[in-house]
Amino acid sequence: MCKCEYSGSAPGIEGENLVVRSIPKLSAREAAALAPPGARVYLAGCCGEPGAILDAVSAEPDLWRGVELLGAYIPGVNRRDLSAIGHETVARSIFAAEGLRPGQSAGTVAIWPAHYTELYRHLAEPGRVDVAYFQVPPPRADGTVGFGVAADFSPAPVQAGARLVGQINPDMPDVVDGPRVPVERFSAFVDAAAPLITYDSGRRDPVIDAIGVRIAGLIREGDTIQLGLGKMQQAVLDALIDHRDLGFHSGMISDPILPLIDRGVFSKGITTGVALGSSVLYERARALPQLRFRPVGETHAIGHLSRIERFISINSVIEVDLLGQANAEFLGGRQVSGLGGMVDFVRGARASSGGRSWLALPASAEGGRRSRIVPALPTGVAAGVSRTDVDCVVTEHGVADLRRASVAERAERLIAIAAPQFRDQLADDWHAMQRTGGMAS
């Protein structure tokens, strides 16, 4: 079993020493063939996706027969149809991504409702993964190789003793501070230069910006914040530009964090598992000493999060009902995402001294025709964040603090931050639910 080491020094001189040269360099096809029929194969997501190896299997599906693919494939980022990879393969993921939808219908994709920490523990168990494939930067002259800007899950199968195959891509940044693995742990390397996957959250609207400003106004000097990926992250970060003495501890960072780094906002440091954004972000990630890349076993572990004083978790959800429970996965009756690490962070913030958890969402959708504060979650929609885990809910109309609030107080506070045109109806619906359901107040 191999333990990943951490490096806090500069990358140094890249090159191949004698140990590196002793590891076979294979073609992508030859590397893919290292997974025997029926193998359990870990595929890295985000920028760790081993594209050349997946291309080889797509061109020759018989390379992978009856293989089970494991990983976390991010909606809107990892777009491949893994259900079409290999012959009689099954892809298992904790996210329902667009590229996986054909396989869901065909029964070749299995969506596993699990938190990041649960998936990490699963991958870290000896024997769970036979072969692990991920994209890496070129090895250093000291005989180690890092995970670049995708250090989230890949250290787990490494520590579990899986067979390792690294797709070496010079475009993958060799970051200053991140986990590293001795090259002798690898069975093979594949040379394959290619641009990294990029991500852009798209244009924001004024409502998202207003929520971002509201949240930024609640953040205190000395707080350490966590943000999910997407428009809300960008809006909050833009609104924090004049803050000081903050820390950042999250699963992902993207381009909007760069101006804050330049302004010295995050003087307490930045810890992340993944960088996901533009080529500018990746190039800067090579040399930024403020960035610490760590695996999910550290970034999301409640034992670690509870030791961060004033840890503030900020995440977006799709809708919240009057009991205070939140839907973060289903839209129009269809699962479109997964919980990822949200609940890990929500619970970590609640366990932190002075910590808080905020769930953010616009008060309405469809041009103001539909409330996102609802009487009850629709039938068939899972409560991703339970009512007992929710601290505060934020919309453009205010903040509903649900900590230590009774059932009736929760409903009253949530109705107060709903879109004004829906408040009377929500109040009527709540009273009807009390009469017919005998709900405690």
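Observations, loosely collected:
- Take the chain with all the other protein chains still there, run a 1.4 Å probe, and you get 39 Å² of accessible area per residue.
- Theoretical ellipticity at 222 nm over the chain - DSSP helices of four or more residues, -39500 (n - 2.57) apiece, nearest 500: -7000 deg cm²/dmol
- Normalised by 2.2 N^0.38 Å, with N the number of residues, the alpha-carbon radius of gyration of segment 110-154 equals 1.43.
- Here T436 sits with roughly 120 square angstrom of accessible surface, probe radius 1.4 Å.
- Taking all pairs of distinct alpha-carbon atoms in segment 362-441, Kirkwood radius in angstrom: 13.3 Å
- Measuring nothing but protein heavy atoms, the accessible surface of segment 202-322 at 1.4 Å probe radius is 52 percent carbon and sulfur.
- Accessible area of segment 115-166 belonging to carbon and sulfur atoms, whole % at 1.4 Å probe: 44 percent
- With semi-axes defined as the square roots of five times the eigenvalues of the C-alpha gyration tensor, the equivalent ellipsoid of the chain measures 40, 25, 18 Å, largest first.
- Area accessible to solvent at F422, 1.4 Å probe radius, in Å²: 40 Å²
- Base-10 log of normalised Debye intensity for segment 251-302 (one unit scatterer per alpha-carbon) at q = 0.31 Å⁻¹: -1.34
- For the chain, the relative contact order comes to 14 percent (Cα pairs under 8 Å, sequence separation of at least 6).
- Taking a span of 15 Å or more along the helix axis (Cα atoms) and a mean Kyte-Doolittle hydropathy of at least 0.0 as the rule, the DSSP H helices of the chain that qualify are 206-218.
- Segment 136-236 - Kirkwood radius from inverse mean 1/r over Cα pairs (Å): 16.5 Å
- Shown for segment 30-172 is the translational diffusion coefficient from the Stokes-Einstein equation, using the Kirkwood radius over Cα pairs, a temperature of 10 °C and a viscosity of 1.306 mPa s: 106 µm²/s.
The values are calculated or read from the model by the stated rules, or taken from the named source; none is laboratory data. Just so you know, these numbers come straight off a predicted model, no measurement behind them. To get the accessible areas, we keep the full protein, side chains included, count just its heavy atoms, and leave off ligands, DNA and RNA. Shrake-Rupley method; radii C 1.70, N 1.55, O 1.52, S 1.80 Å.
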